[in-house]
Amino acid sequence: MTISLLYGKGTLDIVPPEGCLPTIIRKEALPLLSDPAGSVEEAFDHPVSMPPLSELARGARSACILICDITRPVPNGLFLGPLIRRLLNAGIPADGITVLVATGLHRPNEGDELSELVGDPWVLETVKVINHDARDDAAHALLGHTSRGTVVRLDRRLMDADLKIATGLVEPHFMAGWSGGRKVIAPGIAHAETITTFHNAEFMSHPRAANCVLDGNPLHEEQLAIVGMLGGALALNTVIDEDRRLAFVNFGEIVSSHLQAVDFVRQYAKVPVRRRFKTVVTSAAGYPLDKTYYQTVKGMVGPLDILEPGGDLIIASACSEGMGSAHYVEAQRRLIALGSHGFLADISRKNHADIDEWQTQMQLRTTKVGDVHLYTDGLLDGNADLTGVKRIDSIERTLAECIARHGDANVAFVPEGPYVVPFHSPS
């Protein structure tokens with residue numbers, strides 16, 4: 001038997017050792033849309049809780065369209081062109097339309113990478129496509145404070161637009177419950193001060209800040225509050241299958257349309273599993289998510305509910321761009337220097353998180369349960385020792401060692417990584 005894990009732009013084929021009893025955990029096959037382009041047009045004609053897009057755009061003089069950065073495989077090339085053409089046909093001038101890459105605190109996407117991200121040369125030739133910069137004070141405006149005290153500053157290009165449209169992919173998210181919708185606004189185009197407030201240790205340590213959880217999730221609640229302070233927005237939401245094919249698309253009022261997309265994907269992405277495992281093998285979902293070790297942490301957290309305490313989690317991630325940002329590297333240096341308890345004590349004293357240290361905090365959710373083993377042919381930047389996990393050069397050999405150590409041949413495989421969330425359900 002060969003089990004293929006998503007890895008880089010392809011797959012990594014694993015042959016379990018003799019005697020291994022594999023349980024492969026993946027989504028049921030999503031019902032794919034037979035006419036993706038037609039489904040996009042249908043979504044614009046019949047939005048959720050709103051009039052058709054042609055009516056919404058009538059009389060508007062400007063529009064700001066948010067798109068996710070390169071870390072999400074959103075099918076932008078499928079819908080950006082049709083969306084912009086509708087706005088132009090409604091009378092919005094081309095110079096009044098901005099596509100804003102919602103980078104949050106990630107690096108900008110430029111050159112060939114930007115072309116890949118947008119997926120449509122006509123879009124790049126017709127309207128402005130700009131990266132958000134969370135550290136540019138002048139590019140943000142102050143809206144006020146949430147009830148929890150978060151200072152809310154958002155990119156002026158969205159705030160000043162007559163039509164505010166967020167686009168994205170709805171999938172499990174290990175902090176915010178589900179990606180897409182309101183998350184594309186905050187942290188997507190929020191100021192660094194806003195992002196580092198509701199990513200501080202208090203928010204991150206909340207038990208409801210977890211995969212597939214919205215009710216009681218403090219990040220989700222802050223995001224909804226920020227959307228309310230903005231005065232609302234529109235959203236285009238997509239769901240794709242393991243092969244990046246379109247299974248769902250809708251358009252409409254940002255909160256209700258996002259929840260509709262969540263209701264669709266939840267029935268596939270959450271997979272009940274009757275037992276826990278002493279050995280779990282997973283991936284970081286392949287390209288583009290597994291370009292950095294920073295994003296790899298999502299794959300570590302995804303199957304946590306089915307990992308037996310004291311067990312082993314093996315994860316494959318290409319890490320073709322290395323660790324991630326310099327800020328994240330510094331957070332990992334502090335983890336190695338202080339140890340897990342010292343690191344957590346250090347971050348718990350701060351109202352504002354240091355940039356990207358929340359990912360280090362999330363990694364500790366897994367390493368406090370079991371041992372993590374990383375397979376990668378990346379991390380050639382000299383920082384591999386900063387992962388805080390065990391580096392391995394053979395998944396098959398490590399599997400055999402884990403099976404022998406635990407005396408248990410039952411192994412869970414999650415080939416799609418964090419896009420599938422297995423949860424323990426004995427009955």
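The values are calculated or read from the model by the stated rules, or taken from the named source; none is laboratory data. On a predicted model such as this, the values are computed, not experimentally measured, just so you know. Counting neighbours? That spans all protein chains shown, and the Cβs are built from the backbone with ideal geometry, glycine included.
General remarks:
- First in the range 370-392 and on the phi < 0 side of the Ramachandran plot and surrounded by fewer than 16 Cβ atoms within 10 Å (Cβ to Cβ), second anywhere and assigned to a helix (DSSP H, G or I) and of a type in the set (Val, Ile, Thr), Cβ under 8 Å, 6 or more apart: ASP385/ILE336
- Some residue of the range 79-93 being within 19 Å of the chain's Cα centre (by Cα) and either outside the structural domain of GLY181 (by TED's automatic domain parsing) or at pLDDT 95 or above (or both): no
- Scanning the range 295-313 for residues that are β-branched (Val, Ile, Thr) and in contact with a Pro (Cβ under 8 Å, 6 or more places away or on another chain) gives VAL301, ILE306.
- Residue match in the range 25-34 (condition: at pLDDT 95 or above, outside any loop (DSSP other than H, G, I, E, B), surrounded by 13 or more Cβ atoms within 10 Å (Cβ to Cβ) and over 22 Å from the mean Cα position of the chain (by Cα)): no
- Per-region count, the range 161-198, residues in a loop (DSSP other than H, G, I, E, B) and modelled with pLDDT of 95 or more: 15
- Residue check for THR103: in contact with a helix residue (DSSP H, G or I) (Cβ under 7 Å, 6 or more places away or on another chain) and of a type in the set (Ser, Thr, Tyr): no
- The strands (runs of 3 or more DSSP E) located wholly in the range 260-331 that include 1 or more residues which are buried (at least 18 other Cβ atoms within 10 Å of the Cβ) and of a type in the set (Gly, Ala, Ser) occupy 277-283, 307-316.
- Per-region count, the range 114-126, residues surrounded by 14 or more Cβ atoms within 10 Å (Cβ to Cβ), more than 14 Å from PHE79 (Cβ to Cβ) and more than 22 Å from the chain's Cα centre (by Cα): 2
- Pick from the range 357-398, criterion in a loop (DSSP other than H, G, I, E, B) and in contact with a Leu (Cβ under 7 Å, 6 or more places away or on another chain), ranking: nearest to GLY324 (Cα to Cα): THR387
- Of all the listed residues (PRO422, PRO415, PRO426), the sole one being touching a Pro at 6+ places or on another chain (Cβ under 8 Å) and more than 30 Å from ALA134 (Cα to Cα) is PRO422.
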